[in-house]
1. Do me a favour and compute the ellipsoid semi-axes for the chain from its Cα gyration tensor, root of five times each eigenvalue, largest one first, whole Å.
2. Using just the C-alpha positions of segment 215-344 as equal point scatterers, what log10 of I(q)/I(0) does the Debye formula give at each q in 0.11, 0.14, 0.19 1/Å?
3. What does the highest-first list of 349-357, 453-461, 402-410 look like by mean Cβ count within 10 Å?
4. Given a Förster radius of 30 Å and the C-beta distance between S417 and S438 as r, what FRET efficiency does 1/(1 + (r/R0)^6) yield to the nearest 0.05?
5. Give the accessible area for L239 in Å² (nearest 10); use a 1.4 Å probe, count only protein heavy atoms, and leave out ligands, DNA and RNA.
6. Which whole-angstrom value gives the distance between the alpha carbon centres of segment 18-43 and segment 292-310?
7. Going by accessible area, probe 1.4 Å, with all protein chains left in place, what is the ranking of H435, H125, largest first?
8. Taking a point 7 angstrom from the Cα of E445 along the C-beta vector, which residues in segment 303-324 have backbone N less than 18 Å away?
Amino acid sequence: MIRLYTPGTGFPDLEAKIAYGLAAIGLEVTDEVEIEEYGGRFIVRIGTDNTKAINKAFEMFVRRMLTSTHMFFIPGVQAKYRDVYTTADRHGKLKERLLNYDLLSLYDNRGNIPVNFRSDKLCHHEEIPPLGKSDARKTGGLLLAASTHAGKPYKKDSVVTNFNTTLCEVCGYIAIIGLAKFAFQNIVGEKAYRNIVTIAIPSEKLDSSAIKFIMSAQRIVSKKWLTGDISLRTTPFALMAKFPSICYSLKDVNTTLHVSAFSPDGRGGFRLDEFTSQSDIPFKKFIRTHPENVATVDKLLGRQPAVSAIDALYECLQSNDWSYASLFARLYSKETSKGNYVNLLYPKTANYLLKEVCMIPEEIIKDEAINALASTLRHFVLERNYGYVDSIRNARYESKDFEETIAKLLREAQIRSDPEHKKYVPIPSDEQIRHIFSIASESEEKFNQVKTALSILAFTWHRSEKVNKEEVS
Ligand SMILES: [Zn+2]
């Protein structure tokens, strides 16, 4: 078995791209390839002892890739420089150099050596020319495509120095292979399109089936338009809601999603707008638990996406914060309702929010009295009267707001109910109301659980409404 260690550049996205690039090279030789996180670096294990075959696969890969400068149509390469980049047949002796590179000795297990950003290459391969250097262009270096951390070090707003951080050409080509074969590259935006690059940085071990899955999914998913403008951190929702198989196939593999956005720079190249990284667990778990959750996210996307609702969903899943969960329920209904039609949450999605996100006990979620009061609130929500439910959501423990709002709600419900004209507003019994007040007064925790359950259930389809809707249609 061959073990290759990524160079330890300190840039997580670059390390992951090199690891994926090495895996792609390994897959040309054998089916048994795995990537494992190794203290900020990665070990790539390739199930062969044939070092020659690995070096040959690398050489073939790069020669194939560099038949033209087309592959330099990537972030970090300005359009005016694209043509002077090395290809296999010109600018220097690349072909000869490629024959002499030995991946096993370049990617051995050396310790973490401190790097001098000014004079050293980030990967410590000092003997190898930098990426992009050729007869026609004297300097070369780390590209934005290889790492979004590339660029000149800045001190506050002024440039301290104008050198480029550098990377050797072997690491550069391997990172570009990793980017081309494993990064999801999508388009987001309504008028001004942005290119979104998502790379899954392994947090533990990726076996060969997971590696092959990412490689094939990437081919299907990439270049697709996902949604109108949404905040960068929430774009994984769009990716996973459009292609839920990602969440099923990678369910046992935890990764950190490194997401970056590039826009055209107006001169034929790209500009880095921003980047972010976050755990993929909350996204994957939400999407794969119920098909209704996929439908929920899908409703929020589109030409004019429901930006605030998606942000609230992101916050509640990442932080398990009940106040964001009830805010999400409110925004979801508001932003997905059209005309006279008021849209509510699917019961299974609401149940997921209550149970998995807010961790509210089953006996409160299923409590008959709480569900009866939620029906009263829902009656007003369906008339787009959000005053009562908002007051309950914002009520504070020991403030009386909660009791007073419920008293007002019940009075108005009684006035509106008119059995003579067959107008019924669901109203809980006095005993049920006493029961709710008694749970809510037990402790601050119970109070928050009751008010959160009420404010989410008020925005959730309930069997009775469904039946009524079906009778109408
Ligand atoms: Zn290197």
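1. Each semi-axis is the square root of five times an eigenvalue, giving 56, 21, 20 Å.
2. The computed values of log10 I(q)/I(0) come out as -0.42, -0.67, -1.17.
3. 453-461, 349-357, 402-410
4. 0.75
5. Estimated to the nearest 10 Å², L239 gives 10 Å².
6. When both Cα centres are located, 35 Å separates them.
7. Descending accessible area places them as H435, H125.
8. 320-323
The values are calculated or read from the model by the stated rules, or taken from the named source; none is laboratory data. Just so it is clear, the structure is predicted and the values come from calculations on it, not from any experiment. FYI the Cβ positions are ideal-geometry reconstructions off the backbone, even for glycines, and counts take in every protein chain you see. When the accessible area is computed, the model is the full protein with side chains, heavy atoms only, and any ligands, DNA or RNA have been set aside. Shrake-Rupley method; radii C 1.70, N 1.55, O 1.52, S 1.80 Å.
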